[in-house]
Structures are given as structure tokens and as C-alpha cells.
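Read the figures in this text as sums done on the coordinates, not as results from a lab. Given the structure is predicted, the values throughout are model-derived calculations rather than measurements. We place every Cβ from the backbone using ideal geometry, glycine too, and count neighbours over all the protein chains shown.
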Amino acid sequence: MNYIASYYGTSLTAIREINGMTDSQVKANKTIKIPIPYNRIKSPLLRSSFEKYSFIPVFYKVKKGDTIYKLFRIYFPRDSNEIKNINSIKTNIIKIDSKLLIGYYPVQHIEKPSTNIVLQTNRNKDTLSLTSDKSKNVLVTVSGAAKTFDSPFEKTEYAYVLSNKIPEHSVVELTNPMSNKKLTGKVIGKIPPGKYPLDILLLLAKNDALDLGFLDLKFFVSVKYYK
């Protein structure tokens, strides 16, 4: 867990305290909380600040009793119109359990440990499939340019995808058109603005790109998903 703490710029002690842990052992597939200072979360509008770091999106899950005023005057002091525009909110009404993009958090460029970390899990292709999202009616097929991003995990159960053009939470089937290798993934957030070209369809973790047979930092990928 030292690697995770270093990646997020925090300490083992802080992670243990917020999760009520007595040691550094974490079971596979377990979700843990990562304490981060709010003042390090960058506004998506401050594009110049994205040049020197890698960033991950930070979301807030709306709870009962939350209001636009409470969120952006008390919890996250920031211009509420900025957050409303980023999340395409037209009114001051926010739905319970909806996820709002608050900003982006800088993560560290560090070498991965030579041994497997506790959070590493074996990829089980049966845990997620394109048909699991079949409650949506229309199957969409798109192709485009993709790039890689640094992920804090050696392996995850399925591929983590960032995209501005594919709806968040969509289950996607990724295909390398040259080798026909396939991989299932899920869109977990949007691409940080200002850091990547506008023509990029999606970002894919480096290890997932290697699983598909891509060796370059930029490549062409075919994607299927339901909407």
C-alpha cells in the first residue's frame, strides 16, 4: 500500500485512519477511501495547471439534503455556475445519488514496485460483459484515436476508461482492429481538459492497452457500447 499512498501524495497513516485499518493489508476488490486535501483539487477550467502532472477526476455523490448552495459554498467553495456547466446542470435541482465532477486531483509520477501490491487482482472476464449493459436498447459502434494514462493499479477486474464522447458508467467492448483482440471495460470519468488532443476518443490504462496488443502511446481502437 506504500505505492498507493505515494501515488496519491498521502501517507499510510492517513489511509489507515480514514479506513479504520490496523495494518497495510487490503483484500482484493475492496474499496478504500483516500484522504485528499480539497485545495489540491484543480478546477477543470485552469488548463495551464495540467501541464506538469497526471490528473484523475474527482466526483461527489449527491446525498439527501444536498443543495447547490451547500455543495459549492460550504463543501467545495467554488463558483457554482462553473460546476453546473461542467456537469451540464441546467437548474439548481440535483438528484440524489448522481455524481458531480468537482475537479481533477494531481497524482505522482513514480515507478511501480517490482513486486505485486496487495490491491492487485486477477482479471476475471466474467465480472463484466457488454451484455450486462443490455438494458439499454441501442448498440453503438464507434472508432477513433486513443491514448494511455497512468493507473495506480497493476491490474483491475476490467479496463478503466476515460472518455468525453462515451457516456459515463457505460460498459464498453474495446477491440484492436489489427489483431482483433478484445477487452471489456467501463467508462469511469471524463478526460481532463487541456492535457490531451480534442480528437481523442478515450484514454486507456497502459496495462490494458498492452493487453489489447497496443505498444504505442497513441493508437486506433474500435468500441461497442449500449445506450
Distance between modelled label sites at residue 11 and residue 79, nm, 7 Å Cα→Cβ extension: 3.7
Cβ-Cβ FRET estimate between residue 216 and residue 91, R0 fixed at 41 Å, reported to 0.05: 0.40
Under the Karplus curve 6.51 cos²θ - 1.76 cosθ + 1.60, θ = phi - 60°, whole-Hz ³J(HN,Hα) for the range 29-34, x wherever Gly or Pro sits: 6, 8, 8, 10, 8, 10
